[in-house]
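Following this message is one structure expressed as structure tokens.
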Amino acid sequence: MILSPSLLSADIGRLEQELQALEQAGVRWVHWDVMDGHFVPNITFGQHVIGMMRKRSRLFFDVHLMIEDPDRYLGAFRDAGADMLTVHAEACPHLQRTLTEIRRLGMKAGAALNPATPLSFLEYVADDLDMALLMSVNPGFGGQKFLPITYERIRRFRVLFGERHVPVEIDGGVTPENALDLLDAGAEILVSGSSFFNGTPYAERRLAFEKC
Ligand code: DX5
Ligand code: ZN
């Protein structure tokens, strides 16, 4: 299992220290939620902030673009130091081309689906994907309630993809309490914002998820 704490819930004013503390706590991935105020109602940070932090952190940067027309920014996020770049299928009319371009730029390519989007959106891009992100809330905010239909979506995704192994990441409302059921259903990467950053020391929190 890979845990990817979402920096949306971290202390953004102390990002450098937060990244150091996460690394010291044994965390390997961090999740960056990029929002543009169009694809989702909220606005967060962009390539500039990520690029500044790239110079200060060796963590794997798992960048989740919740933006319209992400094709315009693929190069900018590569230059900023994203390791994995995930675009929303709903925002990409030429998804196969977008995923191919992300890989050509040297990043891992992820595609995200909102809770209401059919899984078949990804059926014909299996070979172009390094990860599928299944949203377990409607994107835009941290701290929302987990949608239980997610379990069924993960299981169906596994059936749909059969032999083709595409790691599934779950994002939204993930806690140590539902982590085991998510892993049992077939998820491999768990994003956690508000539950991870709940005031507990990070090493302890990491163990709570890993021991679930
Ligand atoms: C939601 C974001 C999530 C969010 C998760 O739009 O994509 O990554 O930070 O936060 P929690 O874990 O609080 O639901
Ligand atoms: Zn996210």
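The values are calculated or read from the model by the stated rules, or taken from the named source; none is laboratory data. Note that the structure is predicted; figures quoted are calculated from it, not measured. As a convention, Cβ positions derive from the backbone with ideal geometry for all residues, glycine included, and neighbour counts pool all protein chains shown.
Looking at this structure, is PHE146 within 14 Å of ligand 1 (Cβ to nearest atom), touching a Ser or Thr at 6+ places or on another chain (Cβ under 9 Å) and either under 21 Å from VAL30 (Cβ atoms) or in contact (Cβ under 8 Å) with a residue 60 or more places away in the chain (or both)?
yes
Quick check, is VAL40 assigned to a strand (DSSP E or B), within 15 Å of ligand 1 (Cβ to nearest atom) and modelled with pLDDT of 95 or more?
Criteria not met by VAL40.
Something else: Working only within the range 43-56, note down all residues that are part of a loop (DSSP other than H, G, I, E, B) and within 18 Å of the chain's Cα centre (by Cα).
Matches in the range 43-56: THR44, PHE45, GLY46.
Can you go through GLU68, GLU18 and tell me which one is surrounded by 19 or more Cβ atoms within 10 Å (Cβ to Cβ) and either acidic (Asp, Glu) or more than 13 Å from ligand 1 (Cβ to nearest atom) (or both)?
Of the residues listed, the single one that is surrounded by 19 or more Cβ atoms within 10 Å (Cβ to Cβ) and either acidic (Asp, Glu) or more than 13 Å from ligand 1 (Cβ to nearest atom) (or both) is GLU18.
Separate question: Could you tell me which residue of the range 52-107 is farthest from VAL27 (Cα to Cα), considering only residues that are of a type in the set (Val, Ile, Thr) and within 14 Å of ligand 2 (Cβ to nearest atom)?
Filtering the range 52-107 for residues that are of a type in the set (Val, Ile, Thr) and within 14 Å of ligand 2 (Cβ to nearest atom), the one farthest from VAL27 (Cα to Cα) comes out as ILE67.
Without any contact (Cβ under 8 Å) to a residue 12 or more places away in the chain and either of a type in the set (A, V, I, L, M, F, W, C) or at positive phi (or both), is that true of GLY26?
no
Search the range 88-122 for residues being among the hydroxyl-bearing types (Ser, Thr, Tyr) and assigned to a helix (DSSP H, G or I), and hand back the single one that is nearest to ARG164 (Cα to Cα).
So the residue we want is SER120.
Rundown of residues vs (1) more than 10 Å from ligand 1 (Cβ to nearest atom); (2) within 24 Å of VAL87 (Cβ to Cβ), yes/no style:
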| position | (1), (2) |
| --- | --- |
| GLY173 | no, yes |
| LEU182 | yes, yes |
| SER192 | no, yes |
| ARG205 | yes, no |
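In this structure, is LEU8 touching a Leu at 6+ places or on another chain (Cβ under 9 Å) and not in a loop (DSSP other than H, G, I, E, B)?
No: the conditions fail for LEU8.
Let me ask something else about it. Give the range 1-38 a look and list any residue that's under 16 Å from the mean Cα position of the chain (by Cα) and among the basic types (Lys, Arg), or say none.
If the condition is that a residue be under 16 Å from the mean Cα position of the chain (by Cα) and among the basic types (Lys, Arg), then ARG28 is the only one that fits.
Which residues, taken from the range 72-89, are more than 24 Å from VAL168 (Cβ to Cβ) and touching a helix residue (DSSP H, G or I) at 6+ places or on another chain (Cβ under 6 Å)?
Correct list: ALA76, ALA80, GLY81.
List the residue pairs whose Cβ atoms are under 7 Å apart, where the first residue sits in the range 183-212 and is within 14 Å of LEU8 (Cα to Cα) and at pLDDT 95 or above, the second is within 16 Å of ligand 1 (Cβ to nearest atom) and of a type in the set (A, V, I, L, M, F, W, C), and the two are 6 or more positions apart or on different chains.
VAL191/ILE170; VAL191/VAL174; SER192/LEU3; SER192/VAL174; SER192/PHE209; GLY193/LEU8; SER195/VAL174; PHE197/ALA10
If you don't mind, there's one more thing I want to ask. Quick one: which of VAL159, VAL166, VAL137 is within 11 Å of ligand 1 (Cβ to nearest atom), without any contact (Cβ under 8 Å) to a residue 60 or more places away in the chain and β-branched (Val, Ile, Thr)?
Result of the check over VAL159, VAL166, VAL137: VAL137.
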